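The values are calculated or read from the model by the stated rules, or taken from the named source; none is laboratory data. All figures in this text were calculated on a predicted structure; none of them were measured in a lab. Virtual Cβ from ideal backbone geometry, glycine too; neighbours counted across all protein chains shown.
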Amino acid sequence: MSRRRKLLLAFVLTVLVMLAEAGGGVWSGSLALLADAGHMMVDALALLLAVVGAAMAARPADARRSYGYGRMEVLVGFVNALSQFVLVGWIIYEAVTRLLHPGPILSGVMLVVALAGLLVNALVLRTLHGHAHDDVNMAGASLHVLGDLLGSLAAVLAALAIRWFGWLWADPLLSLLVSLLILGNAWQLLRRSAHILLEGVPEGVDSAVVEQSLRGADPAIRSIHHLHVWQLASGSRMATLHAELNEPADGARVLRAIRQILRERFEVEHVTVQIDPGACPDETPGCAGHRHG
């Protein structure tokens, strides 16, 4: 199944569970269910945005966007992470209010709805999680579904605590704990997507190590400078650099050596190299010793 279809399936299932939990939350009086339903409402929108992001990312490059639309997945992931902070604020407010002013809860209805939500969210997360490591868009969708799963699990535990021990405070307390877990995951996604949008060096890559490796790629290379390594989107690494060569030198051979090292050692597929047969023609002071990441 394609990523887009997986996201679409996740969206449909999330909407169905959201409606069930909203109805169950109103019926039973459970904050955990209402909070998770509110969470899933945001997540349904996030998943819909992820579907659109996946479709946009697949569009080919055109005259105005020569790199295509691959970065759309990162933008969607960034927005998804921000939406989680808003949601967590609402859950915390409602949880504190319920802790101060507890109300009656129908634990049986709450338990049935929460169990159904838990099973569906587990199915959706299993569907999405396989691609989350290399796709910020999918990672954002998985983050939202993980929050839904934790919310459903909290609702199950709260329903059991209320049913067996009469602990009404368990409902808002577990909602509060889940919101803190969601907050941590949202921060990680926000940091990751913002780093890509700021064209930071890909995680696990050291610009100094890349430069040192390229200097040893061929005996004709005198220096490597103006080195930039970044990501257009997750799993799409790019690099530009100047290679100053000794004379005489085989430029084509040097290019092949540079591309091979970047591809095999650093997983960089798109490379732009400027060959400087002598001193760097740029007017930047200290060009030969200049390095960027």
- request: Please list, ordered by first then second residue, the pairs with beta carbon atoms under 6 Å, 6 or more apart or interchain, first in region 85-97 and more than 13 Å from residue 147 (Cβ to Cβ), second surrounded by fewer than 18 Cβ atoms within 10 Å (Cβ to Cβ).
  value: none
- request: Select from region 164-208 the residues that are closer than 18 Å to residue 71 by Cβ and either without any contact (Cβ under 8 Å) to a residue 24 or more places away in the chain or not in a loop (DSSP other than H, G, I, E, B) (or both) and list them in ascending order.
  value: 189, 190, 191, 192, 193, 194, 195, 196, 197, 198, 203
- prompt: What is the one condition in (1) more than 25 Å from residue 4 (Cα to Cα); (2) more than 16 Å from the chain's Cα centre (by Cα) that residue 184 does not satisfy?
  reply: (2)
- line: Contact list, first residue from region 211-226 and among the hydroxyl-bearing types (Ser, Thr, Tyr), second anywhere and in a helix (DSSP H, G or I) and modelled with pLDDT of 90 or more, beta-carbon distance below 6 Å, six or more apart or interchain, is 213/261
message: Taking the conditions exactly as written (outside the structural domain of residue 274 (by TED's automatic domain parsing) and under 30 Å from residue 28 (Cβ atoms)), does residue 177 satisfy them or not?
response: yes
query: Identify, please: which residue in region 212-249 is in a helix (DSSP H, G or I) and not small (Gly, Ala, Ser) and is, among those, farthest from residue 74 (Cα to Cα)?
result: 215
message: Quick check on this structure: which one of 213, 193, 234 is modelled with pLDDT under 90, of a type in the set (Gly, Ala, Ser) and in contact with a Leu (Cβ under 9 Å, 6 or more places away or on another chain)?
response: 193
The listed residue being surrounded by fewer than 23 Cβ atoms within 10 Å (Cβ to Cβ), modelled with pLDDT under 75 and under 16 Å from residue 148 (Cβ atoms), out of 45, 13, 19: 45
